[in-house]
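Worksheet: the structure to be examined is printed underneath.
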Number of protein chains: 4
Amino acid sequence: MRVARLYGAGTIRVEEAPKPQPGPGETLLRIRRVGICGSDRHYYRHGGIGEDKMTLPLILGHEVAGIVEAVGKGAQRVQEGQRVALDPAQPCGHCEFCRTGHPNLCENLRFLGAWPVDGGMQEWLVYPADLLVPLPQAVSLNEGVLLETLGVALHAAYLGKIQVGNSVAILGAGPVGLLIEQVAKLSGAGRIFVTDKLENRLEKARAFGADEALQVSDVREVSQEILRITAGRGVDVVFEAADAGETVQTAATIARPGGTIVIVGIAPRGPIYIPSNLARRKGLTVKFSRRMKHTYPTAMNLLLQQRVNLAELVTHHFPLDEVQKAFDTVADYRDGVLKAMIDL
Amino acid sequence: MRVARLYGAGTIRVEEAPKPQPGPGETLLRIRRVGICGSDRHYYRHGGIGEDKMTLPLILGHEVAGIVEAVGKGAQRVQEGQRVALDPAQPCGHCEFCRTGHPNLCENLRFLGAWPVDGGMQEWLVYPADLLVPLPQAVSLNEGVLLETLGVALHAAYLGKIQVGNSVAILGAGPVGLLIEQVAKLSGAGRIFVTDKLENRLEKARAFGADEALQVSDVREVSQEILRITAGRGVDVVFEAADAGETVQTAATIARPGGTIVIVGIAPRGPIYIPSNLARRKGLTVKFSRRMKHTYPTAMNLLLQQRVNLAELVTHHFPLDEVQKAFDTVADYRDGVLKAMIDL
Amino acid sequence: MRVARLYGAGTIRVEEAPKPQPGPGETLLRIRRVGICGSDRHYYRHGGIGEDKMTLPLILGHEVAGIVEAVGKGAQRVQEGQRVALDPAQPCGHCEFCRTGHPNLCENLRFLGAWPVDGGMQEWLVYPADLLVPLPQAVSLNEGVLLETLGVALHAAYLGKIQVGNSVAILGAGPVGLLIEQVAKLSGAGRIFVTDKLENRLEKARAFGADEALQVSDVREVSQEILRITAGRGVDVVFEAADAGETVQTAATIARPGGTIVIVGIAPRGPIYIPSNLARRKGLTVKFSRRMKHTYPTAMNLLLQQRVNLAELVTHHFPLDEVQKAFDTVADYRDGVLKAMIDL
Amino acid sequence: MRVARLYGAGTIRVEEAPKPQPGPGETLLRIRRVGICGSDRHYYRHGGIGEDKMTLPLILGHEVAGIVEAVGKGAQRVQEGQRVALDPAQPCGHCEFCRTGHPNLCENLRFLGAWPVDGGMQEWLVYPADLLVPLPQAVSLNEGVLLETLGVALHAAYLGKIQVGNSVAILGAGPVGLLIEQVAKLSGAGRIFVTDKLENRLEKARAFGADEALQVSDVREVSQEILRITAGRGVDVVFEAADAGETVQTAATIARPGGTIVIVGIAPRGPIYIPSNLARRKGLTVKFSRRMKHTYPTAMNLLLQQRVNLAELVTHHFPLDEVQKAFDTVADYRDGVLKAMIDL
């Protein structure tokens, strides 16, 4: 079968590999669709992520949907032929953080497509049956793939503790930012601000109901604009969903006294700079959002009730052979790309 | 009367000024003692604080105790001859943040000894009667002065939400850090770590009950040592009470997954650097502590019940004429200074 | 001028009284509309409320809108001729609970139309200018009156901490219950259950978006029905918005383990019965909702954005002369009454 | 081997039973000591607990310590000859509440000595190895048994969210109440009130540091006394640790506006009565405490650091043959009994 392996910054090769066999409790999946996430983009651009040391090659891909082809001994909940999404997180279930209900902080977490665990960009994948999410008829493969992204957005939104009437700002209108926007809207947020550098993303933000979708050319300017609109008070809850660079400074500038900032973006280089005196004077709270926990059931319900729009986030499809082109498109924000899918 | 005016970085002059008169609701206080705080030290070293623009000269001093000499018309709660401490914060009482119970975030806050409000380093001061804290017989002037510092420590500790058994680290063993340590101890903290560069401060930390008082020569080393002692897990609640420089990175390194960092220190230069990938992976919460709210009654009770030790924090006394020497001593951490007092 | 005075259970008389004059900071209001609230109904039926001892007569009415007729010296924010709603709560601003941001728990609260403070059922009323809520053009008098009810619903909903996807039950579909339903919907609640004895109220509940509007004939039956629909799990957040009688037992029965019950209803007789073993086994949290705090700005915004429907709650209008008939209608739930208004 | 079986209210018989054998992952324990808990007392007095329907006989006992006699295949963490306490709760690990970190709310919980699971009052017991708590040398059998009680107290105290300086009342000075008192003291509580009907229990409460230990002869009187001492304000956090009868009314009476009540006691008959109007006016929060979660490590640490006193709670020892006498002693509060132990 064919697999797509990352060999270093900017280099992905499609290669042959032996087709795997499911063991007990496992399933063999025919992977059909894999989304390219912001973290995949980081891997591709930098040949790694954060300060992690890793040995390449690595198969990327954690936003994955496919079809159950074979069911290993004792595997329950799924049947051959079933369409499924994958929960990419495999927490240990036994560490302190798993036991206290925070599997996203698991000390022994294995995560599909995050080093050293190969991901979903391969034609067949063996995966534990109890981490599969069966897709009802009404849910498309694209939507199945994006359940994971919606889960990330839900987790971030929960951290923000949005109350009915709260003003909300989302800095960065990529797929995660746009889903946080949708969840904020669902949460009864008052005025919703969305900022991005790319006009096509802001158009989506407006379509999803942003009250103010502001293009960022100058960081200070956009902060001042938001402060002006809020009569100097600032915004109740700010989500940083870009790349945790200057946006963090914007976040601290526009948060109201006593406000909350949720950092969802991944900083390309390690440290982020927080304007400390500003943050201290306002008594801000900054929460770093780590993946998600317990969000799949709600994500699925929102989708089935058509209260979120996942389909509109998908702008591009590429066959596996064009995986490098797909990554280049995403890396450079070409062609108005928002969410690109690899079809297998 | 004599007043001490800051004219610029490193320059304080004692000058003559007219003795003021109390208006309605005010009192005339004969100031007797003023503590030098970390924020005063910032003013003295940098001729300002944070990025604030200000016009000097300015009279510093917000940790203040004195004696009521005259009571203006309609001023209640205090009598002539009474020993009092001053609550330096004068919130407006009407803005959104005052009304919702957060006077420390008041939009119109006036704060004694913070630009543009002259502070307590003058022989007589006119001050609103309802911001005075009468000192019972059992409370010394030194302790009265340090009620403010204890309030700051209580507020920070409340933000940390220490539970019985939680491990706690306090980075920086100045007066605020040592009081946070005392409050953490009172809160039933489990293992308490304190770090500082100065051995004499660590000795105090040990005397106040630190389980591990660690000297910082190399920042990485001390982080690794704390991780080693906690078997790699890290610490539940970390208080940054130094100068919000490298200590913030230590804080992120030693905080446990899901842990909380409370930033109390004032960064000399604006931004602080948070190791973002680390913070994100651990799902940390970072809270910036802003002064205090509603803490005086508890601070006074703890003092009267002898559950905190304020007296031991005072290492130096200087007469007003030696105010510059006092500031130099504090600025350079000379002579094992911890809390220096100006006696008037 | 004419006023309506409650003289005892079931007895209200319209009488003449001298027209009042505004003092400094006050306004004279020509009252135009007053809603009859559940607590007014309690006063009318029992000649009092709770175990309070009071001396009658008393003028009822705290849901009030009118027109500014004269402005006392120094009164700001309003002008003659302006349409306004009244915030009926007059907290002292100085007690512990006011200062810490909980004016609804004020120790010295005066509340319009709650003994010993005469309320709004009079043609003219003198009221502090800073407790008036100016009504924009787009807001009708009926809506102005119901801002108070919406505030009560918002406060209760905030206590429930509804998260996107949470299931919610509202027991009692009177005006408060129906507004809690609307706020729950706005908060992104998942499945919403509403129960009531009266079919016409359930129809409104359905119109406002209830997923399940269940008629209560037998309390056990409705509880079992809700448990059945939730596959035995129960409901995340339950609002008791009836009369805190058997509904409290329903609430404990249908709340999920770890769930929250918010008690909004007023128990006609003092104590309520909580099935303790059930509540203990599930580790429930029961919050008693006390009026509201800081909710007017959000209430007004929701109204202006047409995200809530207040107008549909008003079913009846009575002239002041028929005030007793109005109360009888409300007391007996006659004619499908939901919210009845007195027009002056 | 001998076992003690409850056959109905007031009837326990010591009988012979076959000695069990450990399976894989299990251990065979020689039980040495079993405490009689308030819930055991309920079983004994009423032949059941709450409204549960159950078939007797049942072996009681969930506060248990013993010695590992044999280790089944694959059982880890313990060795033959080791002294151990037992965690009596066996959550399923898979239900919603286990996964989200609330094993105390497990839908499928099995609990040692709670119907239908036989408990520890037998000479040998087979128990899962991973639910054993190894006892260090410094910990006595009595203390090992009482780790469970301490865990219950810690969980209740955590629910109360005691802050440094908070006033606390504990209604009921049985073993759980006295341990909540100790934890409240450790948490930095300000004034601590303890009430009970029995003077010998109040003596213990005073020895453990209660500021006010008040004998309850008349419920109203004791409430008024506490209100008087607090100058009418009331108490920040109230723990009901008696039998959830009139004490609940005391709790509502003495809680301050906005205060919290934690219900720990087990109501002998189902419902408890909450004075609703009082609770509503004060905006109280009532939390029902369900067993405990994740508390063993902290409980053990506090014990090893000698920050809690468990030994002093044990007043009586009975051999297994006198188990009925032991229960009668506990049931009737005879001979100043606090915690009675069965020695096997």
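The values are calculated or read from the model by the stated rules, or taken from the named source; none is laboratory data. Everything numeric here is computed off the predicted structure, so don't read it as measured data. Glycine also receives a Cβ, built like all others from the backbone with ideal geometry; neighbour counts cover every protein chain displayed. Just so you know, the surface numbers come from the protein's heavy atoms only, side chains and all, with ligands and any DNA or RNA stripped out. Shrake-Rupley method; radii C 1.70, N 1.55, O 1.52, S 1.80 Å.
How much accessible area per residue does region C:156-277 have, in Å², with a 1.4 Å probe? Don't skip to the answer; put the middle values down first.
On the way: 4070 Å² over 122 residues.
That works out to 33 Å² for each residue.
Using a label position 7 Å from Cα in the Cα→Cβ direction, what is the ascending list of nm distances from C:TYR7 to the same site in the other copies?
Computed spacing set for this position: 7.1, 8.2, 9.9 nm.
With the dipole of region B:233-344 worked out from charges on the C-beta (+1 for Lys and Arg, -1 for Asp and Glu) around the Cα centre, which of B:GLY258, B:THR295, B:VAL308 lies farthest toward the positive end?
Value computed over the given set: B:GLY258.
In whole percent, what relative contact order does region B:173-217 give with Cα contacts below 8 Å and a gap of six or more residues?
After rounding, I find 41 percent.
Can you tell me, using C-alpha contacts under 8 Å and at least 6 residues apart, the relative contact order of chain D as a whole percent?
On the way: 803 pairs, mean separation 60.6, N = 344.
Across chain D, relative contact order equals 18 percent.
In debye to the nearest 20, how big a dipole does the protein assembly as shown give about its Cα centre with +1 on each Lys and Arg Cβ and -1 on each Asp and Glu Cβ? Kindly include the intermediate steps, with their values, before the conclusion.
Details: 152 positive and 148 negative charges, 0 e Å.
Dipole size: approximately 0 debye.
Over region D:153-288, what is the relative contact order in whole percent, taking alpha-carbon pairs under 8 Å and six or more residues apart?
Numbers: 292 pairs, mean separation 30.6, N = 136.
Relative contact order, region D:153-288: 22 percent.
Point me to the residue of chain B whose C-beta lies closest to the B-onto-A rotation axis, rounding the distance to whole angstrom.
That would be B:VAL286, 2, residue then distance in Å.
What is the distance in Å between the Cα centroid of region D:23-37 and that of region B:180-252?
Going from one Cα centre to the other spans 41 Å.
Once neighbouring chains are kept in place and the probe is 1.4 Å, which whole percent of the accessible area of region A:107-204 is contributed by carbon and sulfur? Mind showing how you got there, number by number?
Values: 1460 of 2850 Å².
So the carbon and sulfur contribution to the accessible surface is 51 percent.
Restricting attention to region B:41-72, which GluC sites (Glu not before Pro) occupy a DSSP loop and are surrounded by at most 14 other Cβ atoms within 10 Å? Write out the running numbers ahead of the final one.
Values: sites: B:GLU51, B:GLU63, B:GLU69; in loops: B:GLU51.
Passing sites in region B:41-72 are B:GLU51.
For D:ASN200 and C:THR55, what does the FRET efficiency come to when R0 = 41 Å and r is the distance between their Cβ atoms, rounded to the nearest 0.05? Before the final figure, lay out the partial values.
Details: r = 48 Å, r/R0 = 1.17.
Using R0 = 41 Å, I get an efficiency of 0.30.
Using the membrane-span-like helix rule (whole DSSP H runs, Cα extent along the own axis of at least 18 Å, mean Kyte-Doolittle hydropathy at least -0.5), which helices of chain D qualify?
Working: long enough: D:141-160 (29 Å, 0.99).
The answer, listed by residue number, is D:141-160.
Going by a 1.4 Å probe on protein heavy atoms, which residues of region B:280-299 end up with at least 40 Å² less accessible surface in the whole assembly than in their chain alone?
B:ARG280, B:ARG281, B:VAL286, B:PHE288, B:ARG290, B:HIS294
So what does log10 I(q)/I(0) come out to for the protein assembly as shown at q = 0.07, 0.08, 0.09 Å⁻¹, using the Debye formula with one equal point on every Cα and no solvent?
Each listed q corresponds, in turn, to -0.84, -1.12, -1.43.
How many square angstrom of accessible surface are buried between D and C, both sides summed, with a 1.4 Å probe and rounding to 100? Show your work: numbers first, answer last.
Numbers: alone 15200 and 15180 Å², together 27330 Å².
When D and C are taken together, about 3100 Å² of accessible area is lost.
Taking only protein heavy atoms into account and a 1.4 Å probe, give the accessible area per residue of region B:1-41 in Å².
Working: 1730 Å² over 41 residues.
In whole numbers, region B:1-41 has 42 Å² accessible per residue.
Pick from C:ARG99, C:ARG41, C:ARG110: which residue has the top mean-square fluctuation in a GNM of chain C where Cα pairs under 10 Å get a spring?
Highest fluctuation of the listed residues: C:ARG99.
From the label point of D:LEU56, set 7 Å along Cα to the beta carbon, how far off in nm is each other copy's matching point, shortest first?
Once sorted, the set of distances for D:LEU56 reads 5.4, 7.3, 8.5 nm.
Assign unit charges at the C-beta atoms only (+1 for Lys and Arg, -1 for Asp and Glu), then state the dipole size of region B:18-99 relative to its Cα centre in Debye, rounded to the nearest 20. All intermediate terms of the calculation are to be shown ahead of the outcome.
Working: 11 positive and 9 negative charges, 53 e Å.
The calculation lands at about 260 debye.
Looking at chain C as a GNM with Cα springs under 10 Å, which of C:GLY113, C:GLY38, C:GLY23 has the largest mean-square fluctuation?
C:GLY23
Hey, how much of the P(r) for region D:261-321 falls beyond 19 Å, as a percent of Cα pairs? Walk me through the numbers on the way to the answer.
Numbers: 1141 of 1830 pairs.
Percentage above 19 Å: 62.
How far is the Cα center of region A:98-125 from the Cα center of region B:137-168, in Å?
Cα centroid of region A:98-125 versus Cα centroid of region B:137-168: 43 Å apart.
Once chain C is represented by equal point scatterers at the alpha-carbon sites, with solvent omitted, what log10 I(q)/I(0) does the Debye formula produce at q = 0.15 Å⁻¹?
Ignoring solvent entirely, the Cα scatterers give -1.29.
Between region A:69-88 and region B:301-344, what is the C-alpha centre distance in whole Å?
69 Å
In the neighborhood of A:ALA169, defined by Cβ-to-Cβ distances under 14 Å, what is the net charge if each Lys or Arg adds +1 and each Asp or Glu adds -1? Display every interim value, and only then the final one.
Details: positive: A:LYS185, A:ARG191, A:ARG228, A:ARG233, A:ARG256; negative: A:GLU181, A:ASP196, A:ASP211, A:GLU212, A:GLU225, A:ASP236, A:GLU240.
Taking every Cβ under 14 Å from that of A:ALA169, the sum is -2.
Going 7 Å from Cα along the Cα-Cβ axis for the label, what nanometre distances separate B:GLU80 from the same residue across the other copies?
Label-point separations across copies, in nm and ascending: 5.0, 8.9, 10.2.
Three principal axis extents, largest first, for the C-alpha atoms of region C:153-288, in Å?
36, 31, 29
Across peptide D:183-192, what mean number of C-beta atoms from other chains lies inside 10 Å of a residue's C-beta?
Taking the mean over all residues of the peptide, I get 4.
Provide the percentage of antiparallel DSSP beta bridges, counting only those with both residues in the protein assembly as shown; round to the nearest 5. Each step should come with its number before you reach the end.
On the way: 148 of 252 bridges.
About 60 percent, rounded to the nearest 5.
If one puts a single equal scatterer on every Cα of region B:1-89 and applies the Debye formula without solvent, what log₁₀ I(q)/I(0) results at q = 0.25 Å⁻¹?
One equal scatterer on each Cα of region B:1-89 leads to -1.23.
So which residue, out of C:HIS317, C:HIS155, C:HIS102, gets the largest mean-square fluctuation from a GNM of chain C using Cα contacts under 10 Å as springs?
C:HIS102
Note down the magnitude of the dipole of region D:153-288 about its Cα centre, charges +1 on Lys and Arg C-beta and -1 on Asp and Glu C-beta and zero elsewhere, to the nearest 20 debye. All intermediate terms of the calculation are to be shown ahead of the outcome.
Numbers: 16 positive and 13 negative charges, 100 e Å.
So the magnitude is around 480 debye.
Which residues, if any, in region D:104-147 have at least 50 Å² less accessible area in the whole protein complex than in the isolated chain, probe 1.4 Å?
In region D:104-147, residues shielded by partner chains: D:LEU105.
Report the equivalent ellipsoid semi-axes for region D:210-276 in whole Å, largest first, defined as the square roots of five times the eigenvalues of the gyration tensor built from alpha carbon atoms. Before the final figure, lay out each step's value.
Values: eigenvalues 74, 36, 23 Å².
After diagonalising the Cα gyration tensor, the semi-axes are 19, 13, 11 Å.
In deg cm²/dmol and to the nearest 500, what is the mean residue ellipticity at 222 nm of chain B if only DSSP H runs of at least 4 residues count, each as -39500 (n - 2.57), divided by the residue total?
Numbers: 10 runs with 99 residues, N = 344.
Computed ellipticity for chain B at 222 nm equals -8500 deg cm²/dmol.
Under a point spin-label approximation (7 Å from Cα along Cα-to-Cβ), what is the C:GLU221-D:VAL126 distance to one decimal in nm?
4.9 nm
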